[in-house]
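Notes for the one structure printed next.
The values are calculated or read from the model by the stated rules, or taken from the named source; none is laboratory data. Remember, predicted model here, so these are calculated numbers, not experimental data. Neighbour counts are summed over all protein chains in view; Cβ atoms, including those assigned to glycine, are modelled from backbone coordinates with ideal geometry. Ligands, DNA and RNA are stripped out before the accessible areas are found, and what is left, the full protein with its side chains, is counted by its heavy atoms. Shrake-Rupley method; radii C 1.70, N 1.55, O 1.52, S 1.80 Å.
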Amino acid sequence: MSVHQLIYSSSAGKKMLKPDLYMILRHARKNNEARDITGLLVYSEENFLQILEGEKEAVSQLFDTISKDDRHSNIQVLHDSEIEQRSFPNWRMAYATPSAKQLAQWAGLHNTTTVAETLSSLKSQPNRITEVISNLLEKCELS
């Protein structure tokens, strides 16, 4: 059985403090469990990268809700397809805060210096997405 995976990036509407992010995570984990959605939220330099996995309709409905949330702007879908299995099967919403340099290295972009540049490159080179996911799983401490 395949799983739908949607990956998007966005700019934070305002600087997110740890309490703001923890509240988002607590809310997401509770709601995602009810919807059987798993994934990862990355926050770095006032930018989000989020991976959502689950049944296509549930993922689409959640993304629609996220798209209307004023905590996000400049939302860009980086990847939207069926996958063989979940990348984050045990995480209702994992969380990571890599540096801009780490995220660029994990995408194989060694001359990129900001998260915005890395996300822009991922948008134009979607084949790098799999590499980023693999490196997030391997090298990042997820909470």
Worksheet item: In segment 88-101, what count of residues is obtained for those that are within 27 Å of GLU55 (Cα to Cα) and either among the acidic types (Asp, Glu) or open to solvent by 60 Å² or more (accessible area, probe 1.4 Å) (or both)?
Response: 5
Discussion item. Could you list, ordered by first residue, the pairs with Cβ atoms under 8 Å in which the first is in segment 110-134 and surrounded by 15 or more Cβ atoms within 10 Å (Cβ to Cβ) and the second is among the basic types (Lys, Arg), at least 6 apart or interchain?
Written reply: SER121/ARG128; LEU122/ARG128
Discussion item. All but one of (1) open to solvent by less than 20 Å² (accessible area, probe 1.4 Å); (2) more than 12 Å from TYR8 (Cα to Cα); (3) in contact with a Leu (Cβ under 7 Å, 6 or more places away or on another chain) hold for ALA104; state the number of the condition that does not hold.
Written reply: (3)
Practice prompt. Among the candidates HIS72, HIS79, single out the residue that is in contact with a helix residue (DSSP H, G or I) (Cβ under 9 Å, 6 or more places away or on another chain), under 21 Å from SER124 (Cα atoms) and either open to solvent by 40 Å² or more (accessible area, probe 1.4 Å) or hydroxyl-bearing (Ser, Thr, Tyr) (or both).
Written response: HIS79
Fill in: Residue list for segment 1-21, filter: surrounded by 17 or more Cβ atoms within 10 Å (Cβ to Cβ) and closer than 16 Å to THR65 by Cβ
HIS4, LEU6, TYR8, SER10
Worksheet item: Of the residues GLU84, GLU55, which single one is charged (D, E, K, R), open to solvent by 80 Å² or more (accessible area, probe 1.4 Å), over 21 Å from ALA12 (Cα atoms) and in contact with a strand residue (DSSP E or B) (Cβ under 7 Å, 6 or more places away or on another chain)?
Response: GLU55
Item to complete: Could you grab the pairs with beta carbons closer than 8 Å, sequence gap of 6+ or different chains, first residue in segment 60-78 and among the basic types (Lys, Arg), second one in a helix (DSSP H, G or I)?
Response: ARG71/ILE24
Item to complete: Would you tally the residues in segment 22-48 being over 10 Å from ARG92 (Cβ atoms) and either in contact with a Pro (Cβ under 8 Å, 6 or more places away or on another chain) or open to solvent by less than 10 Å² (accessible area, probe 1.4 Å) (or both)?
Response: 5
Worksheet entry | Residue list for segment 1-37, filter: in a strand (DSSP E or B) and under 14 Å from PHE63 (Cβ atoms) | HIS4, GLN5, LEU6, ILE7, TYR8, SER9, SER10
